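Since the structure comes first, as structure tokens, the remarks are kept for the end.
Read the figures in this text as sums done on the coordinates, not as results from a lab. Quantities reported herein were computed from a predicted structural model and do not represent experimental measurements. Here Cβ is always computed from backbone atoms with ideal geometry, including for glycine, and neighbour counts include all displayed protein chains.
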Amino acid sequence: MASGYLIRKNQYYDSVFLMRVARALSDEPGVRECAVVMATDANKELLAGLGIRAAEVSAARPNDLVVAILANDEALIARLLGEMDARLTSSSQAVRAADYRSLEAACAAQPQANLVVISTPGAYAGREARKALEQGKHVFIFSDNVPLEQEVELKQLGRARRRLVMGPDCGTSLIGGVGIGFANRVRRGPVGIIGASGTGIQEFTSLIHQAGSGISHAIGTGSHDLADAVGGITTLMALDVLGADPATEVIAVISKPAGARTLELLQERIRRCPKPVIGCLLGLKTALDAGPRFVQARTIDQAVERTLAALGVTSALLLRMPRKEKGEEIPPRFPGEEGRGVRSPRYLRGLFAGGTFCFQAQQVLWDAGIPVYSNTPLDSRYRLTNPETSLEHSIIDMGDDHFTRGKPHPMIDATERRKRILQEANDPEVAILLLDFILGEMAASDPVGDLIPAIRQAQESAARRGGRLTVVASVCGTDLDVQGLDRQKAMLMEAGVYVLPSSAQAAEFCRDLIQRGEGGRDG
Amino acid sequence: MDDLMALFTGPLIAINVGVRDFGLALEQQDVQVIYVDWSPPAGGDQEMLDLLDQLL
Amino acid sequence: MDIKQQIDLANQEAVSRLIQGDPVLADIAPAGQVIPGLQGRMILHAGPPIPWSAMCGAMRGALIGITLFEGWASSVAEAEALLASGEVSLEPNHHHQAVGPMAGTISPSLPVFVVENRAFGNRAFCRNVEGMQQFGDYSEKALAGLRFWRDVAAPAMAAAVHQAGGISLKPIITQALQMGDELHNRHSASSSLFANALAIPMIQASVPQPQLLQTLGYMIGHNLLFLGLAMAAGKAIADPARDIACSTVVTAMCRNGTEFGIRVSGLGDEWFTAPAPKVDGLYVPGYREEDAGLDMGDSAITETVGWGGFVLGGAPGILTLVGGTAEQALAYTREMAHITVTRHPHYLMPAFDFEGAPLGIDIRKVVQTGITPIIDTAIAHRESGHPKIGGGLVRAPLACFKKALARFGQKYVS
């Protein structure tokens, strides 16, 4: 194996652009590995991991671009590195002519701007957000890894100035029908939602749309908003906004676990809210006491159902769908039972793009007493020591840092998930594969199509062993999304995948399969 | 009107700082977007960043 | 008022002074008679202060040449020994209201352009531009060129200037920028316009015919004639913008072949320096990149006042000299707008729908964006004894601006 690299001083590119270049490069026949990254410390570690450790690389700065290629053939590396300039400049120069180089300059040029969308590396996002707030703008911060104390400062500043701080680590919002970040196209309607989870909001808004209703506004708060350090500043401001908004009739709040003190605050604020509030606080074991207009939900599906109920809409059409989509009955027995000679396959492997879906699926299994390993476990005793290797029942958040360092998120690019599906399929103990697909703005243009070949290959390799791999999936999105919900679902069903109407139901379906089988526990 | 509520009633005009695709997705929804061709300010030099915070 | 507002106001004042600048060529006279503080055995040089021992080959060669020209030594070895002995004072042009191209050497008997800024009454000085001695060439041919300037061309042109009662330079500059000059390396239009302006007064001044013809021939054949005037004008325009408290606008950029230095309005006389960069350029046949010395000269005063690299987009003709495409030239000018305070209302570029030149380099924006001023410049040999070997583009080093910003912080932020 040969390797080569080049460094371009002071040529900054955004990570998505570089990922595209990297993908094109890795598609070149003969290329084993490649990295096209800015020389941040994290990326330099990544390069070292690839065996690129030159002093020149260590000395490179965050503004310097490093391209590294591992391949069998020196000549190929030399040729590809020689062509890099064309790959890097083709789309950058002309388009950027009218761009501004700083937020100050952009604000001066367009004083009417009211929202600043920030997706810089986390170390810099706080600074840009503060400048935006000082200029009187609301902010949407997609960047994660922003220090918590900075988040607190920003949100306090925003509260003092009556500006909304969505994020850091905010995946999506819908403001007046406009999707910001990773959002699904949904019709407008009476439901307002506040969410600390991007995919949670996407699922909720999509299901509300599918049920025939619509969304007034969806306000992403960022994943840490309900931590006690932050105290739910954005969530509480959002509650006030939606409480006062004439278009909003019902409010839903979706979040991963919240801090105890913040929960108190939230409870108190919900009690004062003049509108019905549906709360889906994943991971929360107790019931909230938040007044007569509050309804609690255990899953996103339940939140949708109860929101619709609060509106007086019957939810049957959506959520009581029969659990078959191909005219085929659910397998009555544990699907891998007929395996011969080898240890009977019985384990579930969930490979998720959506962090909240991963969390929710774990909760569904644990609620049924089924222990499950994860790289982001509900129970820390079940943390996978190596996220690359599953154990027994495992549910992996492929959007976690471990998998996204220097690589695109699985919602954008299927490469990592494709590899992992094939890896899981080679494990003779695996009986069920659980997947999620997320459509909408910014997501891959054909999320299902990107994985179908891998799914088929996985099914074939199980068949070759004389076994059977049951693949279960849900697709988050709507008929208005460019990827087309029906088209995406049809491809899955064509491949023999069980497609459930929601992520929660897909997890429940797997739970039922496991319970009908050998129970999933050793011994 | 309150500045906070105004966000939810008026048209959005966005400034995109960082990954360009966020702005492009907004433009597809007919939102006016101004792009900042962002790179780490002061090349990531912390001392300079602190000074710039005070001076610019 | 907080410091940010104070800086913004101070910078507005600085660029307003740059815009008001009204340079007029008042005289051409021996440097020793007009430049304050230039007396005895003293030679002024380009760039920030530097001792003989640290000077590059081209700078040393130019000093040897001018020492021979002054007659202070009769051989190269003698000149070198004299300069090394410290008996000749070596001081930066910028410490004497002066600028000089490349090595920038100015000695007492060398005639210089005297440019007066009529808006503020200050004067600035620059020597003539030639392609040999100031690049470090001390050959007899190089010295003959200086003598011709001293004895023939300068007196004739001075007579014309006196006859005309001074030559207003701003109209020439404004026109030239719209005729494809960028006023650093392309002076085809400005030199012609200047020669036109001088021709009739030179005749009226009764300059004897042989001298008249030689001088007109010199002016017509010298396509960088106006560079010395542009530089003097730039210095005359820039100086009133100095010493404005709280201003972060750059008032000088210059190089001595070893170091690049800048001065900032709110930071007084202090130089902020970094190693001089290498010029990315094209070479005269017979010379190669390995021969090149580092960036040198006071000519970056043109960029300081918004010409040169800052208006490359308006000067596609320069591309043959500096390489690159028309689109790149436009991109440079757009880029410079990111680090400047404003646009000049009079120095307009047809290629940009008559948008003004980016004006007033703000060290804060330079540090923030990492974009440093682009300078299009000539290249000298790294050793003494050679004429001009090429031309190209160079970036001011970021370190100067960072040092200046750090000092600004010390001075203005408690």
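The mean sequence separation of alpha-carbon pairs under 8 Å and at least six residues apart, normalised by the residue count of region A:393-523, gives a relative contact order of 23 percent. For the cross-link pairs A:407/C:278; A:155/C:411; C:278/C:365, which exceed 25 Å when the distance is taken from alpha carbon to alpha carbon? The pairs that break the limit, which is 25 Å between Cα atoms, are A:407/C:278; A:155/C:411. Here residue B:5 and residue C:109 are evaluated by their C-beta separation; at R0 = 56 Å the FRET efficiency comes out at 0.15. Annotation: amide H-H contacts under 5 Å for residue A:373 (H modelled 1.01 Å from N, sequence separation of 5 or more, or interchain): A:393, A:394, A:395.
Note on A:136-146: average number of Cβ atoms from other chains within 10 Å of each residue's Cβ is 2. Counting neighbouring Cβ atoms within 10 Å and putting the fewest first, the residues A:512, A:301, A:450 line up as A:512, A:450, A:301. Here the protein assembly as shown carries DSSP beta bridges of which approximately 50% are antiparallel, counting only pairs with both residues inside. Per-residue 3J(HN,Hα) values for region A:498-505, derived from phi via the Karplus relation 6.51 cos²θ - 1.76 cosθ + 1.60 with θ = phi - 60°, read 6, 9, 9, x, 8, 5, 4, 5 Hz in sequence order (x marks Gly and Pro).
Across peptide A:102-113, the mean count of Cβ atoms from other chains lying within 10 Å of each residue's own Cβ comes to 5. Simple rule: put +1 on each Lys or Arg Cβ and -1 on each Asp or Glu Cβ in chain A, find the dipole, and look at A:368, A:384, A:229; the Cα lying farthest toward the positive end is A:229. For region A:2-95, a crude dipole built from +1 on the beta carbon of Lys and Arg and -1 on the beta carbon of Asp and Glu, taken about the Cα centre, is about 160 debye to the nearest 20. Partner aspartates and glutamates whose Cα lies under 18 Å from the Cα of residue C:388, excluding those fewer than 8 positions away in the same chain, are identified as C:130, C:137, C:140, C:280, C:289, C:290, C:291, C:295, C:298, C:376.
Count the net charge of all other residues whose Cβ sits under 14 Å from the Cβ of residue A:116, scoring Lys and Arg as +1 and Asp and Glu as -1. Overall, the nearby charge balance is +3. Look at the stretch C:360-370: the mean tally of other chain Cβ atoms within 10 Å of its residues' Cβ atoms is 6. Once the Cβ-Cβ distance of residue B:29 and residue A:157 is raised to the sixth power relative to R0 = 30 Å, the FRET efficiency obtained is 0.60.
Taking Cβ atoms as reference points and 9 Å as the exclusive limit, the residues near residue A:64 contribute a net charge of +3, counting Lys and Arg as +1 and Asp and Glu as -1. Across region A:414-486, the mean sequence separation of Cα contacts (distance under 8 Å, 6 or more residues apart), normalised by length, yields a relative contact order of 42 percent. Which shape class applies to region A:347-516: rounded if a/c is under 1.5, otherwise prolate when a/b exceeds b/c and oblate if not, where a ≥ b ≥ c are the square roots of the Cα gyration tensor eigenvalues? Rounded. Could you work out the relative contact order of region C:14-172, using alpha carbon pairs under 8 angstrom and six or more residues apart, expressed as a whole percent? Relative contact order here is 38 percent.
Classification of the protein assembly as shown by its C-alpha gyration tensor yields a prolate form. The axis ratio a/c (a ≥ b ≥ c) is 1.5 or more, and a/b outweighs b/c. Taking a ≥ b ≥ c as the square roots of the eigenvalues of the alpha-carbon gyration tensor, chain B is classed oblate because a/c is 1.5 or more while a/b is no larger than b/c.
Phi-derived couplings, Karplus 6.51 cos²θ - 1.76 cosθ + 1.60 at θ = phi - 60°, listed residue by residue for region A:71-86: 8, 6, 10, 4, 5, 4, 4, 4, 5, 5, 5, x, 8, 4, 4, 5 Hz, with x used for Gly and Pro.
In units of the compact-protein estimate 2.2 N^0.38 Å, region A:351-420 shows a Cα radius of gyration of 1.06.
Charged side chains reduced to their Cβ positions (Lys and Arg at +1, Asp and Glu at -1) give the protein assembly as shown a dipole of some 1120 debye around its Cα centre.
A cut-off under 12 angstrom between Cβ atoms defines the neighbours of residue A:364, and their net charge, with Lys, Arg +1 and Asp, Glu -1, is -2. Karplus-based coupling profile of region C:116-125, in residue order and whole Hz: 10, 8, 5, 6, 10, x, 7, 10, 9, 10, with θ = phi - 60° in 6.51 cos²θ - 1.76 cosθ + 1.60 and x standing for Gly or Pro.
Close amide H partners of residue A:32, meaning residues 5 or more places away or on another chain with modelled amide H under 5 Å apart, are A:70, A:71, A:72.
Between the amide H of residue C:98 and those of C:125, distances stay under 5 Å, these residues lying 5 or more places away or on another chain, with hydrogens modeled in the peptide plane. If the elastic network links every pair of Cα atoms under 10 Å, which of B:21, B:30, B:45 fluctuates the most in the Gaussian network model of chain B? With Cα springs under 10 Å in chain B, the top fluctuation among B:21, B:30, B:45 is at B:45.
The length gained by stretching the chain between residue C:22 and residue C:327 to full extension, at 0.36 nm per residue less their Cα-Cα distance, is 106.6 nm.
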